[in-house]
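A short write-up of the structure that comes next.
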Amino acid sequence: MPDRPLIVTADPSLLDELLRLCSLAGVEPEVVPDVGTARRRWLEVPLVVVGGDLAQQAARAGLSRRRDVVIVVGDLEDAGVWDVAVELGADTVVFLPDAQAWLADRFAQAGSRAPRPGVIVAVVGGRGGAGATTLAAALSVTAARMGRRALLVDGDPLGGGIDLALGGEDAAGLRWPDLAVTGGRVDGSALRAALPQVHQLTVLSWDRGDQLRVSPAAMRSVLTAAASSSEVVVVDLPRQVDAATEVALEAADVTLLVVPAEVRATAAAARVAVAVGLLARDLRAVVRGPSPAGLTGQLVADTLGLPLAGYVKAEPGLEQAMECGQPPARHGKGPLATFCRGLLGELTSVHGTAA
């Protein structure tokens with residue numbers, strides 16, 4: 001059955017422990033003892049747990065990249081497992097017995113949810129003031145205009161609250177401080193119903209209080225719930241990669257690095273690209289004009305060693321409108337809206353969301 005997690009291991013002791021955790025989670029997994037058999041089910045199941053005994057073999061088998069792959073090992077000294085995880089495209093590596101509770105929760109999530117319909121897009125600025133929040137808001141607004149269930153997540157506690165960029169600071173609903181300590185599963189429909197609705201868009205933002213941190217567990221729970229109940233989830237992230245940001249980058253289907261077409265901005269973005277690139281599975285550059293030195297979008301992307309997602313020309317009056325609480329791309333016109341429509345069309349097509 002496609003809603004059963006897949007365990008890939010030939011280690012009897014590890015299998016016994018994983019089956020015990022599945023039993024605690026109330027989930028009956030599918031178990032295969034070799035990578036060849038796992039290949040047939042690799043893309044169909046909600047979660048793949050690969051034992052350390054077969055991880056290297058799986059990494060070299062040319063399996064398709066997918067979300068929700070976890071490598072489980074028992075040896076804390078096995079430093080090489082991290083290289084194997086990168087090669088395989090695994091979300092994370094966990095060590096038993098330390099990660100028993102976490103892994104049991106992942107088994108429970110996999111056994112209780114339908115295949116995820118949504119695509120998660122993370123947006124990061126290459127430097128301060130690059131326009132990451134503007135792009136994140138525009139992508140979300142455009143998705144809502146296209147008739148999709150969209151959810152915008154403010155992942156930057158020092159950004160001032162992304163609801164301000166939408167003119168929704170007075171909208172009723174929960175903010176991050178109400179969810180920041182969440183650790184268990186969150187129901188997707190309940191989450192959407194509890195959050196503010198602004199311009200047909202569901203928004204999870206920060207308030208103007210003193211809470212400045214979200215736990216990795218809370219970020220994981222929120223994104224899992226958001227993706228289960230939304231077609232497009234956009235996460236606005238800070239440049240400094242903390243533990244919660246790591247979770248968001250690992251969860252994202254694509255990460256956009258926003259870079260002004262300037263020499264110093266490109267130099268600053270190169271540092272951010274290194275840190276973010278260690279975690280993002282698909283990192284692309286979005287270059288914003290104008291360029292005082294005549295830099296092209298392709299030249300900036302090539303300098304960063306990233307594929308170019310697009311070059312967005314300058315849009316007069318955009319920042320002033322946002323200062324007045326008018327969302328970007330709200331009218332569906334202009335370079336920013338055009339870019340967002342094209343990117344969302346590509347991503348939802350690739351990730352299987354209905355157009």
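Which whole-angstrom value gives the distance between the alpha carbon centres of segment 264-324 and segment 200-234?
So the two Cα centres are separated by 25 Å.
Quick one, which of [x] 21.7; [y] 25.6; [z] 21.0 is the actual Kirkwood radius over Cα pairs in Å calculated for this model?
Entry [z].
Between Ala243 and Arg264, what's the calculated FRET efficiency when r is the beta-carbon distance and R0 is 30 Å? Round to 0.05.
With R0 = 30 Å, the Cβ-Cβ based efficiency is 0.55.
Once each part is reduced to its C-alpha centroid, what is the distance from segment 128-183 to segment 1-78 in angstrom?
35
Over the residues of segment 134-260, compute the C-alpha Rg and express it relative to 2.2 N^0.38 Å.
Values: Rg = 13.1 Å, N = 127, 2.2 N^0.38 = 13.9 Å.
For segment 134-260, the normalised Cα radius of gyration is 0.95.
Take Ser215 and Ala193, extend 7 Å from each Cα along the Cα→Cβ direction, and tell me the distance between the two endpoints in nm.
2.5
Please list Glu28, Glu231, Glu346 in order of solvent-accessible area, largest first, computed with a 1.4 Å probe with all protein chains present.
These residues rank, largest area first, as Glu28, Glu346, Glu231.
If each DSSP helix of 4+ residues adds -39,500 (n - 2.57) and the sum is divided by the residues in the chain, what number results at 222 nm, nearest 500 deg cm²/dmol?
When only DSSP H runs of four or more count, the value is -12000 deg cm²/dmol.
Considering only protein heavy atoms and a 1.4 Å probe, what is the carbon-and-sulfur percentage of the accessible area of the chain?
Answer for the chain: carbon and sulfur cover 52 percent of the accessible area.
For the pair Lys333/Leu299, report the inter-label distance in nm, with labels modelled 7 Å from Cα in the Cβ direction.
With each label placed 7 Å out from Cα toward Cβ, I get 3.2 nm.
As an exercise, use a Förster radius of 41 Å and the Cβ-Cβ distance of Asp170 and Arg20 to find the FRET efficiency, rounded to the nearest 0.05.
Plugging the Cβ-Cβ distance into 1/(1 + (r/R0)^6) gives 0.25.
Sort 89-96, 195-202, 234-241, 321-328 by the packing proxy (mean of other Cβ within 10 Å over each peptide's residues), most packed first.
Ranking the peptides 89-96, 195-202, 234-241, 321-328 by packing returns 234-241, 195-202, 89-96, 321-328.
The values are calculated or read from the model by the stated rules, or taken from the named source; none is laboratory data. None of these values were measured; they are calculated from a predicted model. Please note: Cβ atoms are built from the backbone with ideal geometry, for glycine as well, and neighbour counts cover all protein chains shown. The area values use the complete protein model at the heavy-atom level, side chains included, leaving out ligands, DNA and RNA. Shrake-Rupley method; radii C 1.70, N 1.55, O 1.52, S 1.80 Å.
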